[in-house]
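Report on one structure; see the data block that follows.
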Amino acid sequence: MLDIFIVRMVAGTILITSIVVFYWISRNRISKEDRSAEPPTREDVQELLQMLWKSVAIYIPFISIILTVLSPEMIYETWFSLSFTGDEIVQIAGIVFYLLGAALLIFSKRHLGRFLVVDIMVSKEHQLITTGPYARIRHPIYTAVILLNISVVLFTLNFLLVLNLFAAIAIANYRATIEEALLSSQDAFGSEYKRYMMRTGRFLPKLR
């Protein structure tokens with residue numbers, strides 16, 4: 001495994017850049033009055049789903065990186081750590097996955113613009129974005145977040161975070177299903193979105 005000093009330095013860099021990137025992409029807010037459609041599920045169910053998504057996909061990996069910087073013995077080289085021949089290469093691959101995820105997140109934000117919000121909803125002036133990563137993938141934001149979660153797993157080699165990764169993928173898939181049902185309804189883009197779904201993949205480009 002990589003030297004603990006190197007791990008803390010890299011984790012610190014990841015922490016700082018993550019704070020900047022997530023602050024930049026999370027500034028958008030759409031008021032209740034400007035929403036034209038929301039999922040049919042109850043509001044308390046939506047709030048629970050939001051809390052689970054933020055906790056599993058964002059807060060837990062984020063806290064893990066903080067602990068890696070401040071108290072690495074709680075995350076790194078513990079009973080739950082994976083150690084094997086070539087593990088340093090896997091950790092370096094984790095850094096590459098982080099760069100890919102962060103780049104995709106920024107790229108997606110630049111194309112989605114003000115329509116990037118955490119809530120599952122459609123605004124009154126909503127537009128169907130099909131440029132940039134959205135030309136091939138319907139939910140590149142989720143793809144980026146999953147890549148970032150993978151990067152934390154590979155970099156820390158912590159088994160508990162592997163379980164958290166699977167939970168993040170499951171929640172992302174469930175949220176994507178709800179979003180697609182809403183966006184393909186008559187309250188949103190209807191048949192236009194259904195045609196868009198036919199030519200794109202959910203998290204990865206569709207094989208033609």
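Looking at this structure, is Val96 surrounded by 16 or more Cβ atoms within 10 Å (Cβ to Cβ) and over 21 Å from Arg195 (Cβ atoms)?
Details: surrounded by 16 or more Cβ atoms within 10 Å (Cβ to Cβ): no; over 21 Å from Arg195 (Cβ atoms): yes.
No: the conditions fail for Val96.
From Ile63, Ile25, grab the single residue that is surrounded by 12 or more Cβ atoms within 10 Å (Cβ to Cβ), within 16 Å of the chain's Cα centre (by Cα), at pLDDT below 85 and not polar (S, T, N, Q). Quick ask: steps written out before the conclusion?
Details: Ile63 fails: at pLDDT below 85.
Just a single option satisfies the conditions, and that option is Ile25.
Residues of segment 127-143 that are part of a loop (DSSP other than H, G, I, E, B), of a type outside the set (S, T, N, Q) and touching a Phe, Trp or Tyr at 6+ places or on another chain (Cβ under 9 Å): Leu128, Ile129, Arg138, His139.
Check segment 146-159 and report whether any residue there is among the hydroxyl-bearing types (Ser, Thr, Tyr), assigned to a helix (DSSP H, G or I) and surrounded by 15 or more Cβ atoms within 10 Å (Cβ to Cβ). Break it down stepwise before answering.
Keep residues of segment 146-159 that are among the hydroxyl-bearing types (Ser, Thr, Tyr), which gives 151, 156.
Those left that are additionally assigned to a helix (DSSP H, G or I): 151, 156.
Filter once more, so that each one left must be surrounded by 15 or more Cβ atoms within 10 Å (Cβ to Cβ): 151, 156.
Yes, the conditions are met somewhere in segment 146-159.
Evaluate segment 68-91: report whether one residue or more is under 14 Å from the mean Cα position of the chain (by Cα) and part of a helix (DSSP H, G or I). Scanning segment 68-91 turns up no residue that is under 14 Å from the mean Cα position of the chain (by Cα) and part of a helix (DSSP H, G or I). Is it the case that segment 100-108 has a residue that's of a type outside the set (A, V, I, L, M, F, W, C), loosely packed, with under 15 Cβ neighbours inside 10 Å and free of Cβ contacts under 8 Å to residues at least 40 places away in the same chain? Checked segment 100-108: no residue is of a type outside the set (A, V, I, L, M, F, W, C), loosely packed, with under 15 Cβ neighbours inside 10 Å and free of Cβ contacts under 8 Å to residues at least 40 places away in the same chain.
The values are calculated or read from the model by the stated rules, or taken from the named source; none is laboratory data. Computed from a prediction, not measured in an experiment: that's the story for all the values here. All Cβ positions, even for glycine, are placed from backbone atoms using ideal geometry, and neighbour counts span all protein chains on display.
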